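The values are calculated or read from the model by the stated rules, or taken from the named source; none is laboratory data. All figures in this text were calculated on a predicted structure; none of them were measured in a lab. A quick note on method: Cβ atoms are made from the backbone with ideal geometry, for glycine too, and the neighbour counts reach across all protein chains shown.
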Amino acid sequence: MDIQFLGTGAGMPAKTRNVTSIALRLLEERGAVWLFDCGEATQHQILHTTIKPRKIEKIFITHMHGDHIYGLPGLLGSRSFQAGEEKLEIYGPKGIAEYIESSLRLSRTYVNYPINIHEIEEGLIFEDSQFTVEAKLLEHGIPSYGYRIREKDTAGPLLVDDLQSIGVKPGPLYKKLKEGETVILEDGRILNGRDFLGPEKQGKIVTILGDTRICRKSEELAADADVLVHEATFGVADEALAYEYYHSTTSQAAKIAVRANVKKLILTHISARYQGNEADILLKEARDLFENTFVAADFSQYSI
C-alpha cells in the first residue's frame with residue numbers, strides 16, 4: 001500500500017503544483033487504485049505515473065469546489081478508451097451525481113462501463129472483507145468530507161515449524177489450519193487451526209481530509225492513523241487568512257497530528273503564494289510541532 005500525489009496545489013493550477021488529486025495505490029492488496037479528488041488535468045498527471053485508469057476502482061470526492069472536481073468528466077471519458085470496462089464506484093457530497101451525469105450528457109460522452117454514484121452522509125460509507133471507509137463532515141465553506149480508510153486485520157502466519165514438530169506434514173490440511181478451521185488427523189488427534197497461527201497482522205489506517213479549518217472531526221478521523229494527509233493552504237503568518245477562507249495552516253495540521261497520535265503527517269493543498277524554498281519554511285513550521293512531517297510535491301510517493 002502506498003500513496004501518490006497527483007496534484008498538491010490549492011485553488012488553481014500553478015507551474016510546480018497541479019490542483020488536488022491523491023491516489024491510494026492498493027495494487028498488492030486488491031490490484032486497484034482509489035482516487036481521492038480529481039482536480040483539473042488529473043488525467044494528464046496520471047500520464048507521468050505508472051497508474052492505469054482502468055485500475056481505478058473507486059473515486060472519493062471530498063467536496064464540490066472546482067479544484068477538486070474539474071478533472072472528473074475527462075478522466076471518466078478517457079477511461080473508456082483505455083480498456084476500462086470494470087465498474088467504477090464514486091463517492092461524494094450531495095450534488096456529485098448531478099455534476100457527473102450532466103457533464104457526460106451535455107458533452108455526449110459515452111462510457112462503456114457501469115458507474116455507481118453514492119451521495120454520502122457521515123458514517124460508514126463502504127465496507128468489504130478487506131477495508132472500511134468512514135466519512136465525517138469537516139469545517140469548510142461548503143460541505144467538505146474527510147475519509148478514514150482502515151485495512152482490516154489479517155490472520156497471522158501459519159506456524160509451520162510447530163506443525164512439523166508434532167508430525168503434521170505439508171498438505172491440504174495446512175490450508176484448513178491457516179483458515180482457523182479444526183481438523184482431525186488420521187491418528188484421531190484434533191487440531192484447532194487458531195492454535196497454530198502467529199499474531200494477527202494489524203491493518204493500516206490512512207486518513208485523507210478535504211479542505212477544512214482545524215476542527216475536532218479531523219482529529220477523530222485521524223486517531224492512531226499510520227498516515228494523515230492534511231491540507232496546509234497557508235503558513236503560520238497567514239493564520240487569519242486561513243480562518244477567513246476555511247482552511248488550515250501548517251502548525252494547525254501538525255497540532256491535529258499530535259493530538260491524534262498519528263505516525264506520519266503529509267501536508268498538501270499548498271497555496272501558490274509559497275514558491276520555491278518557501279516550501280521548506282512550511283515544512284519547518286510543521287516539524288517544530290510534529291517531527292515526522294512531509295510536504296507533498298506533485299508525483300511524490302510514500303509507502304504506508
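Filtered by the rule that a residue be in a loop (DSSP other than H, G, I, E, B) and farther than 16 Å from I56 by Cβ, the stretch 1-19 gives T8, A10, G11, M12, P13, A14, K15, T16, R17, N18.
Among the candidates R259, R189, R216, the residue that is under 22 Å from I142 (Cα atoms) and either among the basic types (K, R) or modelled with pLDDT under 90 (or both) is uniquely R216.
Quick grid of which residues meet (1) basic (K, R); (2) in a loop (DSSP other than H, G, I, E, B); (3) more than 17 Å from G146 (Cα to Cα):
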position: T207; (1), (2), (3): no, no, no
position: K217; (1), (2), (3): yes, no, no
position: D224; (1), (2), (3): no, yes, no
position: L241; (1), (2), (3): no, no, yes
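Inside the stretch 227-252, residues that are in contact (Cβ under 8 Å) with a residue 40 or more places away in the chain and small (G, A, S) make up a count of 2. When only residues in the stretch 152-178 that are within 34 Å of the chain's Cα centre (by Cα) and without any contact (Cβ under 8 Å) to a residue 24 or more places away in the chain count, which is nearest to Q130 (Cα to Cα)? Across the stretch 152-178, the extreme among qualifying residues is K178.
Determine if the stretch 160-178 includes at least one residue that is aliphatic (A, V, I, L, M) and part of a strand (DSSP E or B). Checked against the condition, which is being aliphatic (A, V, I, L, M) and part of a strand (DSSP E or B), the stretch 160-178 yields no hits at all.
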